[in-house]
Every structure is written in structure tokens, then in C-alpha cells.
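Chemist: Pasting a structure below so you can have a look.
The values are calculated or read from the model by the stated rules, or taken from the named source; none is laboratory data. Keep in mind that this is a model prediction, so the values were computed, not measured. Don't worry about glycine lacking a Cβ; one is built from the backbone with ideal geometry, like all the others, and counts go over all protein chains shown. All accessible areas refer to the heavy atoms of the entire protein, side chains included, with ligands and DNA or RNA removed. Shrake-Rupley method; radii C 1.70, N 1.55, O 1.52, S 1.80 Å.
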There are 2 protein chains.
Amino acid sequence: KSYSGSYDAPPVVHYYLNNLTTSSEPIKNREKVLLLTPLARFYDEYWANLVKLNYPHDLIELGFIVPKTREGNAALVKLEEAVRKVQTGKKKDRFSGVTIIRQDFDTPVAQSEKDRHALAAQKARRAAMSRARNSLLYTTLGTDTAWVMWLDADIVETPPTLIQDLAKHDRAVIVPNCFQRYAENGVKKVRPYDFNSWHESNDALDMAAKMGRDEIILEGYKEMATWRSLMAYERQEGQSIHTETTLDGVGGTALLVKAEVHRDGAMFPPFAFYNLIETEGFAKMAKRLGHQPYGLPNYLVYHYNE
Amino acid sequence: KSYSGSYDAPPVVHYYLNNLTTSSEPIKNREKVLLLTPLARFYDEYWANLVKLNYPHDLIELGFIVPKTREGNAALVKLEEAVRKVQTGKKKDRFSGVTIIRQDFDTPVAQSEKDRHALAAQKARRAAMSRARNSLLYTTLGTDTAWVMWLDADIVETPPTLIQDLAKHDRAVIVPNCFQRYAENGVKKVRPYDFNSWHESNDALDMAAKMGRDEIILEGYKEMATWRSLMAYERQEGQSIHTETTLDGVGGTALLVKAEVHRDGAMFPPFAFYNLIETEGFAKMAKRLGHQPYGLPNYLVYHYNE
Ligand SMILES: Nc1nc2c(ncn2[C@@H]2O[C@H](COP(=O)(O)OP(=O)(O)O)[C@@H](O)[C@H]2O)c(=O)[nH]1
Ligand SMILES: Nc1nc2c(ncn2[C@@H]2O[C@H](COP(=O)(O)OP(=O)(O)O)[C@@H](O)[C@H]2O)c(=O)[nH]1
Ligand SMILES: [Mn+2]
Ligand SMILES: [Mn+2]
């Protein structure tokens, strides 16, 4: 029973019974989704893909967090215009609510892909990303939120059934495989992009055991050969998109989480947690809370190609 | 600029600039306070004390989380009645908003003080308390929240100026000293109650070093001699209530936190974090985020005497 008592004069008393469901049939059960995007740049393709998602928009609330940088300010202007258009457009396209937050802390590093991915910059960058994700999460999560869909601002192509396809597996934490389209001598190809969804390896565990508690392990750097098997390399063309695999680390490009996992406390650690940070640290927290993360190696979503 | 655009038909677009302040003069700067209480039992004395707090009530939003137990249900009925009375009573007493949440998970242990404090029960109990605190925090924290005042449901006596007195120190995390009134042969006395506010000790650090990552250290148990110096024993009668001390662990009976510390991700770990859990784990997270917790040994608040 959800009662929102309204007295004549004083402020509303919200009184929620949070026995809401998160099921494999979220649309039938009218389960609310909070779709959250940290947004440093605005891509028209991201927005077009978002509006094409056919999970009922009246069940989707949008949340954005934008950095206080020149680039962030530019992205903010475009975002506001796009929001205004959809929220005053066709009724079925309108989302149940939109929250836009401007970060009150800075991101330390430059934004070109090469610089972003330099090893040294990564720890500071992902700590800042963690704080951005947590600020957005803590301030938008509601008592009636059933699912939290994390979608990066540069994911430009997904099936329109993304949310219900992932929710169908009814897992506490689940990620698709994030690839990137590119062309080689005029031939259209795809390649893996997000390497943060992986299965733990003994090598990586040994590495962690020798590290200081505050040091972090990062994927994709030859200086840190983790020998973890990465979901990015487990994709088998033509196989079922609903093939599952258990994971120990997850990426944040596209990530569906049952709201109670976050409500219990699983967040994106801005510091080393079991020598992991941000989305990989989040996966470890979810596991410490008794939840097993899953991945869909053959279910592809696409990252922008800079 | 805080703009809450209202189009005729579609849902409101919330667009917050969160450059809000948390200063040593919160009333002058109209800083909003979120007062959060995990509530298993309803004490009239707690409520009377709460209503007597003279921080402007239109700047205070209340949040409660109640367990789904027989005892919790009974407390819920009394809480609702008390809320109804104050929210329809004198204008200046009314709070800016009230959220009441019923937990969707169980608390494992009995509620008598003796059982609660048995060592074995403590880990499960404090993990459940962490999840309750996090669920309440994540769902009520707003973009415009400046301070989060944690106050246990059995804190029955504080100065009416509690919030502004603590905020005056302008610290990221600050706790008063939680004592208990009792009588001995008809003589009124006081004694320490909350032992979770402490200064780290080398003994405790050595103990942690030998422990498994998932084990936790708890204060006040002879089986675990931590030799930490406890703020509970640093109270000096007649000395200034604003005397400060730095802390490494904090209790949750009364705890004031700057909202950005939570928004950055500091929460109450329901699992061992540096072998610490719940409020003590929170203090460690705040430190990992670069914040130094403080305590006021001579500033007393009182816990109910069962
Ligand atoms: N709020 C916020 N979002 C950011 C910041 N930096 C990147 N982002 C967003 O966070 C997501 C991941 O960042 P990105 O640079 O694409 O990481 P990469 O794809 O791993 O190189 C994208 O949606 C970015 O738009 C930041 O400093 N603040
Ligand atoms: N929501 C919720 N609150 C609880 C639960 N158990 C205790 N509380 C509240 O949490 C606070 C601390 O619990 P309490 O039993 O007083 O701990 P102690 O004083 O350390 O023995 C009090 O405000 C209790 O009312 C629970 O299972 N769920
Ligand atoms: Mn990206
Ligand atoms: Mn108590």
C-alpha cells in the first residue's frame, strides 16, 4: 500500500511500503526503472537510442550528472534542449521524471580517449567517476525504484528492448557486452570496448595479495597482467543473446542493478576496495552482500567510436 | 539557480545546481538538514526531544526506517500518530517533509539489550543495521540536502540547539558523547553508553592485520581487547562542551555528517571494511575519502535507560 497523505496546509507525508517487486516480467508488474547517465559529452545518437527504448517511458525516470567543466557546460545545454523536446512531445515518449545534477567537484584529467586511458590518470579518473556515480545514485534513488539502469552517455546503439531483455534474467547485477563499430578498408567490423567485465583469476588474486590495501588493479594494461578471462573475448557470433556467464568484475557502460542491491549499500567505491575501484569495486560489494553478478557475452551494445 | 520547470502536461524537470553550502552558520545560510532515525521502538521522550529542537523545522526533513517485525509495527502506529499531530499542529513545529520506510529485510536477533549486545549476535545485527541505515539514506538524500543528522530512536535528551551546536564546528563528520542517566541508591548519576567513538590503537591495528578480511573488530568485548582509547572515557565535567578531539571510529547514536560525504559514497558497510562494520566502517570510509571525523567529549546527549 503506498500512501501519500496530503493534509491541507503542511508538507506531504510520504509513507512507503517498499514491498515492491523486481521480477523477470518488469513491464507486466509495472516495475519502475531509474536510468542513470554520467554525462560529460552529449551525443545525438545516445539520445535517439534512449528515446527509442520501448520499456514504457512512464515507468522510466532519468537522472544525469554533468561535470562543471567547459565541456560539461556545453553538454548541459544540448541535454536540456533534448529533454525539453521529449517532455513536451508525444505523450508516450515522455519520461516519468528527469533530474539533472551538476557535479560540485572537478574531474582531474583531460578528456581525450588516449589521455583518459593512461594508467596513471586512471586511478584519479575512476575515483572521480565513482563520486559522480554515487552522487547521482544517492540523490535520485527512490523508495519505489525497482531497477537502476546505468547507461553511459556514449552508448549509441542498443536493442530497443534493452531493459526488459536484461531484466528477464532476474539477476541482482547483469551486464551486456559493450563493443564498438569501426570500418577497416571500407569493411564494417566490430571490436570489444569495455574490458571491465571479467572472471577473477588466481594471478590477479596473488597480485592483490602483494599490493598495498590502497593500490588498485586495472584491466587492459600490460604493466598489470591480470590473466583474468574477459567477457569481451567470450562473444560467440550467432549464439543465443541470452547465454549467461557469472562475473567477478563488471563495467559501467551498460549495467542493470536491482535497486535493493544499491539500497543495501553497494555503491561505486572512490577508493580501493579489495584493490578494486568504481564499477569493479561495486561488483565486489554486491558479492559481499551475497549477490552474484552475471554477464551476457552475446548480447551486444555499442560504444561511440571517437 | 534552482529551477524546477513545470510544463503544463508532462512531469516536472528537476534541474539542480548543487553548489549549496555547509557552513558553521547553517541557520543563517538556510542549510537543509535531513534527520534520519532507524526506529524499532517508539519512545515519547525521543519525540518530545525531537520536536523541541529549535533548528528551523522548515529546514528539517525527517526520515524513518522501521523493521517489519511485530515490535516495528507497533512502533509504526505510534510514529504515524505523532507525525500526524505535529504536521497538523503549530506551523513553526511542522517539518519540511517526512518519509517513513518499512524495511524489506529482517533483523536476525532479539531486541533485549543483553541479547543485542552478545558478541556473536553483534555482527549479524550491525550488518542488518547497516542495510537499514543505507536504505533510508539512499532513498531520502536529496540534491539540496546540506547536512545529515543521524539520531537513534532511543536518544531521549539533547540540547535543543543540538544541530547548530554540532554544525558550528564545520566538520565533515562529528559526534557528541552519548551517555545514559541512571540512579544509584536514590542518587542521580550518568555513565557512558556509546563506545563506538574511539581513537585507533596499534594493538587494534595488529589485531586487524592477523584477522581474515571478513572478520570484524567490536568495541566493549573482553574477548577483543582493542586497547583503543574511547571518547566515552574522555569526558571532563565542567570543561567546554565545544572541546574537540579527532576520531577514527564513530558511533551512530547521534552523528552529524556533511551531505557531500555521503553523496561521494561514504555509507555504512554491511560487511567488514578494514575489519570494521556499520558506523565504525563509515568513519573509515569517510577517512578514505579524505575527511577527518571529530568528537565532542564534553557535549552530552542521553540514551534511554531500559
Ligand atoms: N559526471 C561526469 N561524467 C563523466 C565524467 N567523465 C566522463 N563522464 C561520463 O562517464 C562515462 C564514462 O566516461 P568515458 O570517458 O566514456 O570513459 P571510457 O569510455 O571508459 O573512456 C561517459 O558517459 C562519460 O560521458 C566526469 O568527470 N563527470
Ligand atoms: N530499522 C531498524 N531499526 C532498528 C533495528 N534494530 C534497532 N533499530 C534502531 O536502531 C537504533 C540502534 O539500535 P539499538 O537496539 O538501540 O542499539 P544499541 O543502543 O547499540 O543497543 C535505534 O534507534 C533502534 O530503534 C532494526 O532491525 N531495523
Ligand atoms: Mn565511454
Ligand atoms: Mn540504543
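Chemist: In the structure displayed, which of A:Lys78/B:Lys258; A:Lys222/B:Lys210; A:Lys32/A:Lys168 lie more than 21 Å apart, Cα to Cα? Present the calculation step by step, with values, prior to reporting the outcome.
Modeler: Working: A:Lys78/B:Lys258 32 Å; A:Lys222/B:Lys210 33 Å; A:Lys32/A:Lys168 14 Å.
From the list (A:Lys78/B:Lys258; A:Lys222/B:Lys210; A:Lys32/A:Lys168), the Cα-Cα distance tops 21 Å for A:Lys78/B:Lys258; A:Lys222/B:Lys210.
Chemist: What do you get when you divide the Cα radius of gyration of the protein assembly as shown by 2.2 N^0.38 Å, with N the number of residues?
Modeler: On the way: Rg = 24.5 Å, N = 612, 2.2 N^0.38 = 25.2 Å.
Rounded to two decimals, the normalised Rg is 0.97.
Chemist: From the label point of B:Arg181, set 7 Å from Cα along Cα→Cβ, how far away are the matching label points in the other copies, in nm, ordered shortest to longest?
Modeler: Ordered by increasing distance: 7.3 nm.
Chemist: Put +1 on the Cβ of each Lys and Arg and -1 on the Cβ of each Asp and Glu in the protein assembly as shown; which of A:Gly89, A:Phe268, A:Gly251 then has its Cα farthest toward the positive end of the dipole?
Modeler: After comparing all options, I get A:Gly89.
Chemist: For segment B:132-290, take N as its residue count and report Rg(C-alpha) divided by 2.2 N^0.38 Å. Mind showing how you got there, number by number?
Modeler: Numbers: Rg = 16.4 Å, N = 159, 2.2 N^0.38 = 15.1 Å.
Output field value: 1.08.
Chemist: Which value in Å does the Kirkwood hydrodynamic radius of segment A:203-248 take, with 1/r averaged over all unlike C-alpha pairs and then inverted? Present the calculation step by step, with values, prior to reporting the outcome.
Modeler: On the way: mean 1/r = 0.0776 Å⁻¹.
With all distinct Cα pairs of segment A:203-248 included, I get 12.9 Å.
Chemist: Now for a different question. Averaged over B:142-154, how many beta carbons belonging to a partner chain fall within 10 Å of each residue's beta carbon? The partial results should precede the final answer.
Modeler: Numbers: counts 4, 11, 1, 2, 0, 0, 0, 0, 0, 0, 0, 0, 0.
Mean inter-chain Cβ contacts per residue within 10 Å come to 1.
Chemist: While we're here: What number comes out for accessible area per residue over the protein assembly as shown if the probe is 1.4 Å? Units Å², please.
Modeler: Working: 24750 Å² over 612 residues.
Per residue, the protein assembly as shown has 40 Å² of solvent-accessible surface.
Chemist: Nearest 500 deg cm²/dmol is fine: what mean residue ellipticity at 222 nm does chain B get from its DSSP H runs of n ≥ 4 alone, each adding -39,500 (n - 2.57), divided by its residue count?
Modeler: Values: 8 runs with 85 residues, N = 306.
The helix contribution divided over chain B gives -8500 deg cm²/dmol.
Chemist: Run the label-point distances for A:Glu25 please: 7 Å along Cα to Cβ, every other copy, nanometres, shortest first.
Modeler: Label-point distances to the other copies, shortest first: 6.1 nm.
Chemist: Using the Kirkwood radius over C-alpha pairs as Rh, can you work out the diffusion coefficient of segment A:39-148 via Stokes-Einstein at 37 °C, viscosity 0.692 mPa s, in µm² per second?
Modeler: Values: Rh = 15.3 Å.
Diffusion coefficient, whole number: 214 µm²/s.
Chemist: How far apart are the A:Asn54 label points across copies, placing each 7 Å from Cα toward Cβ, in nm, shortest first?
Modeler: Nearest to farthest, the other copies are at 6.3 nm.
Chemist: Averaged across the residues of B:128-135, what count of C-beta atoms belonging to other chains lies within 10 Å of each residue's C-beta?
Modeler: Numbers: counts 0, 0, 3, 5, 2, 1, 7, 9.
So the per-residue partner count for this stretch is 3.
Chemist: Cα centroids of segment A:145-162 and segment A:72-100: how far apart, whole angstrom?
Modeler: Measuring centre to centre over Cα atoms gives 16 Å.
Chemist: What would the Debye formula give as log10 I(q)/I(0) at q = 0.14, 0.15, 0.16 Å⁻¹ for the alpha-carbon point model of segment B:66-214, no solvent?
Modeler: Debye output, listed in q order: -1.07, -1.23, -1.39.
Chemist: Using the Cβ atoms and a cut-off under 14 Å, what net charge is assigned to the surroundings of A:Thr158, where Lys and Arg are +1 and Asp and Glu are -1? Kindly include the intermediate steps, with their values, before the conclusion.
Modeler: Working: positive: A:Lys52, A:Arg181; negative: A:Glu45, A:Asp152, A:Asp154, A:Glu157, A:Asp165, A:Asp194.
Overall, the nearby charge balance is -4.
Chemist: Quantify how strongly other chains surround peptide B:253-264 by giving the mean number of their Cβ atoms within 10 Å of each of its Cβ atoms. Before the final figure, lay out the partial values.
Modeler: Working: counts 0, 0, 0, 0, 0, 0, 3, 4, 0, 5, 12, 11.
Partner-chain Cβ atoms within 10 Å, mean over residues of B:253-264: 3.
Chemist: Obtain the radius of gyration and the Kirkwood radius of segment B:234-280 from its C-alpha atoms and give Rg over Rh.
Modeler: 1.05
Chemist: Right, next: With +1 on each Lys and Arg Cβ and -1 on each Asp and Glu Cβ, how big is the dipole of chain A about its Cα centre, in debye rounded to the nearest 20? Could you put the intermediate results ahead of the total?
Modeler: Working: 39 positive and 39 negative charges, 104 e Å.
That gives chain A a dipole magnitude of about 500 debye.
Chemist: A further question follows. How long are the three semi-axes of the equivalent ellipsoid of chain A, in whole Å, if each is the root of 5 times an eigenvalue of the C-alpha gyration tensor, listed from largest down? Could you put the intermediate results ahead of the total?
Modeler: Values: eigenvalues 183, 102, 91 Å².
Taking √(5λ) for each Cα gyration eigenvalue gives 30, 23, 21 Å.
Chemist: About the Cα centre, and with charges only on the beta carbon of Lys, Arg (+1) and Asp, Glu (-1), how big is the dipole of segment A:91-174? Nearest 20 debye, please. List each step's numbers first, then the result.
Modeler: Working: 13 positive and 11 negative charges, 27 e Å.
So the magnitude is around 120 debye.
Chemist: Any idea of the total accessible area buried by the A-B contact, 1.4 Å probe, rounded to 100 Å²? Show your work: numbers first, answer last.
Modeler: Values: alone 14860 and 14860 Å², together 24750 Å².
That pair of chains buries around 5000 Å² in total.
Chemist: Which residue, A:Thr253, A:Thr279, A:Thr139, has the most motion in a Gaussian network model of chain A that connects Cα atoms within less than 10 Å?
Modeler: Looking only at A:Thr253, A:Thr279, A:Thr139, the biggest GNM fluctuation is shown by A:Thr139.
Chemist: Charges only on Cβ, +1 for Lys and Arg, -1 for Asp and Glu: so what's the dipole of segment A:162-257 about the Cα centre, in debye to the nearest 20? Provide the component values of the computation, followed by the final result.
Modeler: On the way: 11 positive and 15 negative charges, 78 e Å.
Value, rounded to 20: 380 debye.
Chemist: While we're looking at this one, here's another question. Between rounded, prolate and oblate, where does segment B:209-306 land on the alpha carbon gyration tensor, with a ≥ b ≥ c its root eigenvalues, rounded for a/c under 1.5, else prolate if a/b exceeds b/c? Present the calculation step by step, with values, prior to reporting the outcome.
Modeler: Working: a/c = 1.86, a/b = 1.24, b/c = 1.50.
Oblate, since a/c reaches 1.5 and b/c is not below a/b.
Chemist: Among B:177-183, B:291-297, A:202-208, how do they line up by average Cβ neighbours within 10 Å per residue, starting with the highest?
Modeler: Values: B:177-183: 18.1, B:291-297: 21.3, A:202-208: 14.9.
In descending order of packing, they fall as B:291-297, B:177-183, A:202-208.
Chemist: Can you list the lysines whose alpha carbon is less than 26 Å from that of B:Lys188, not counting same-chain residues fewer than 8 positions off?
Modeler: B:Lys52, B:Lys114
Chemist: Sticking with this structure for a sec: Among B:Ile60, B:Ile241, B:Ile155, which one shows the highest mean-square fluctuation when chain B is modelled as a Gaussian network with alpha-carbon springs under 10 Å?
Modeler: Result: B:Ile241 has the largest fluctuation of those listed.
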